[in-house]
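So the structure is just underneath, and the comments pick up after that.
The values are calculated or read from the model by the stated rules, or taken from the named source; none is laboratory data. The structure displayed is predicted, hence computed values, not measured ones. Please note: Cβ atoms are built from the backbone with ideal geometry, for glycine as well, and neighbour counts cover all protein chains shown. Side chains are part of the model used for accessible areas, which takes the heavy atoms of the whole protein and leaves out ligands, DNA and RNA. Shrake-Rupley method; radii C 1.70, N 1.55, O 1.52, S 1.80 Å.
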Amino acid sequence: MGKLILAGGGGFLGKLLVAHFGPLGHELVILKRTLSAPSGVRQGPARVVQWDAKNLGAWAREIDGAAAVIGLSGRSVDCRYSEHNRLLILGSRVDSTRVLGEAIARSSNPPPVWLNSSTATIYRHALDRPMDETTGEIGGTPEVNDVFSVEVARAWEKTLEEAYTPATRKVALRTAMVFGAAEGGVFQVLRRLVRMGLGGKMASGQQFVSWIHEDDFCRSIEWLLNHSDLSGPVNVTSPNPVPNAEMMKVFRKVAGVPIGLPASRWMLELGAFFLRTETELILKSRRVVPGRLLASGFQFRYPLMKEALEQLFAQPPLLAL
Ligand SMILES: NC(=O)c1ccc[n+]([C@@H]2O[C@H](COP(=O)([O-])OP(=O)(O)OC[C@H]3O[C@@H](n4cnc5c(N)ncnc54)[C@H](OP(=O)(O)O)[C@@H]3O)[C@@H](O)[C@H]2O)c1
């Protein structure tokens with residue numbers, strides 16, 4: 001037990017981690033850009049400290065003597081990839097990672113471990129075979145519009161790799177879509193679509209979806225904090241990615257909605273335009289598997305989508321922090 005720093009920890013994943021680690025007795029510090037109370041004040045189970053996610057400041061003192069730093073900052077990718085948004089998406093990830101590295105490098109008592117977000121999207125569009133950390137191939141595919149996202153992921157991981165923190169173990173979290181009951185996540189969006197009768201396959205439905213249940217996400221973060229032999233990229237995803245058509249079928253079954261209208265590619269393109277988002281989030285085949293977590297002995301509580309969804313459908317949403 002010790003102090004955990006959650007940089008960008010006021011968002012969807014940060015809230016999950018606060019709910020997981022708070023009861024375990026850790027001191028939790030969230031770094032946030034805009035505060036509703038003075039910096040350093042406790043809000044719920046965590047203290048919230050102001051930073052700007054790009055420059056060193058008083059916040060960096062929190063790093064000294066911390067048990068771990070977990071980097072979660074990044075402008076949401078659920079938007080149109082305009083020039084302006086591209087700069088924010090890339091800059092927010094690279095700058096926050098760089099400055100965390102600088103703060104760790106300057107601290108007199110650096111944390112032993114730094115887990116930093118990355119994404120399972122770093123792997124190529126893969127229909128043919130699973131991508132693990134050893135045999136997976138990295139790269140973008142113009143037809144699914146993921147070239148920019150892969151570039152962001154590479155730059156994000158490169159910034160982590162280049163940070164000079166010799167006393168601190170570094171892990172790049174290649175996280176898949178996290179299914180959590182709280183508002184703001186993809187599970188709620190899909191559940192709503194299914195309940196409206198729009199839960200059919202999307203485009204060909206053959207593209208794989210990599211996903212992880214919120215509980216396994218938090219447990220794998222705890223596992224990575226505690227396993228000092230694990231460093232470098234780690235896929236944080238369930239061992240069973242499924243094709244989109246199968247995912248939608250399981251959603252419909254668990255929701256008790258027998259019919260779901262399918263959405264063709266042009267409908268998705270049009271919908272994405274009006275919802276100000278990008279079809280890449282749906283069309284790319286993410287067939288990512290957790291090679292290193294499994295090899296290190298991690299056991300998933302929800303390895304299969306049906307059980308994961310049943311648990312989430314039965315759960316009341318988390319209260320907002
Ligand atoms: N959720 C998933 O399923 C998933 C899967 C794979 C990877 N990831 C990655 O994991 C990280 C956390 O995900 P999340 O779902 O918790 O995201 P989130 O809810 O959008 O939260 C991310 C945090 O990033 C900060 N942020 C937003 N715009 C920023 C900007 N322009 N500059 C600096 N900081 C900014 C915000 O913190 P403040 O406004 O409080 O400062 C926000 O709370 C993200 O980098 C995401 O790409 C998420």
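Could you tell me which of the residues S76, S96, S92 is under 18 Å from the mean Cα position of the chain (by Cα), small (G, A, S) and under 12 Å from L31 (Cβ atoms)? Please lay out each step first, then the result.
On the way: S76 fails: under 12 Å from L31 (Cβ atoms); S92 fails: under 12 Å from L31 (Cβ atoms).
When all the criteria are applied, what remains is S96.
Only residues that are charged (D, E, K, R) and within 20 Å of L224 (Cβ to Cβ): list them for region 296-315, please. Give the derivation first.
Initial filter on region 296-315 (charged (D, E, K, R)): 301, 306-307, 310.
Across region 296-315, the qualifying residue is only R301.
Got a number for residues in region 106-153 being assigned to a loop (DSSP other than H, G, I, E, B) and closer than 18 Å to I282 by Cβ? Give the derivation first.
The initial filter retains those residues of region 106-153 that are assigned to a loop (DSSP other than H, G, I, E, B), namely 107-112, 118-119, 124-130, 132-137, 139-141, 145-146.
Among the residues that remain, those that are also closer than 18 Å to I282 by Cβ are: 119, 124-127, 140-141, 145-146.
Counting residues in region 106-153 that are assigned to a loop (DSSP other than H, G, I, E, B) and closer than 18 Å to I282 by Cβ gives 9.
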- line: When (1) closer than 15 Å to A120 by Cα; (2) open to solvent by less than 20 Å² (accessible area, probe 1.4 Å) are applied to P239, the one that fails is (2)
statement: Of those in region 73-120 that are crowded, with 18+ Cβ neighbours inside 10 Å and touching an Asp or Glu at 6+ places or on another chain (Cβ under 7 Å), the residue nearest to F148 (Cα to Cα) is S118
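In region 201-312, which helices (runs of 4 or more DSSP H) lie fully inside it and hold 2 or more residues that are out of contact with any helix residue (DSSP H, G or I) (no Cβ under 6 Å at 6 or more places or on another chain) and more than 16 Å from the ligand (Cβ to nearest atom)? Show your work before the answer.
Details: elements: 214-226, 244-255, 265-274, 280-283, 291-295.
Passing ranges, in order: 214-226, 244-255, 265-274, 291-295.
Only one of D132, D128 is at pLDDT 95 or above, within 19 Å of the chain's Cα centre (by Cα) and of a type in the set (D, E). Can you tell me which? Break it down into steps so the answer makes sense when it comes.
Numbers: D128 fails: within 19 Å of the chain's Cα centre (by Cα).
Selected residue: D132, the only one of D132, D128 that is at pLDDT 95 or above, within 19 Å of the chain's Cα centre (by Cα) and of a type in the set (D, E).
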query: Does L87 count as closer than 19 Å to N55 by Cα, within 16 Å of the ligand (Cβ to nearest atom) and free of Cβ contacts under 8 Å to residues at least 12 places away in the same chain?
result: yes
task: Hey, can you tell me all the residues within region 121-171 that are of a type in the set (D, E, K, R) and more than 21 Å from L87 (Cβ to Cβ)?
output: R124, D128, R129, D132, E133, E137, E143, E161, R169, K170
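Please return the ranges of strands (runs of 3 or more DSSP E) entirely within region 1-72 where 2 or more residues are open to solvent by less than 10 Å² (accessible area, probe 1.4 Å), under 30 Å from T237 (Cα atoms) and within 16 Å of the ligand (Cβ to nearest atom).
Values: elements: 3-7, 27-32, 41-43, 46-50, 68-71.
Because the criterion is at least 2 residues that are open to solvent by less than 10 Å² (accessible area, probe 1.4 Å), under 30 Å from T237 (Cα atoms) and within 16 Å of the ligand (Cβ to nearest atom), the strands (runs of 3 or more DSSP E) in region 1-72 that meet it are 3-7, 27-32, 46-50, 68-71.
Mind listing whichever residues of region 180-201 are under 25 Å from L127 (Cβ atoms) and either of a type in the set (D, E) or out of contact with any Pro (no Cβ under 7 Å at 6 or more places or on another chain) (or both)?
Initial filter on region 180-201 (under 25 Å from L127 (Cβ atoms)): 186-187, 189-190, 193-194, 198-201.
Across region 180-201, the qualifying residues are V186, F187, V189, L190, L193, V194, L198, G199.
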message: Anything in region 163-200 that is part of a loop (DSSP other than H, G, I, E, B) and closer than 27 Å to V18 by Cβ? List them, or say none.
response: A163, T165, A167, T168, A176, G180, A181, A182, E183, G184, G185
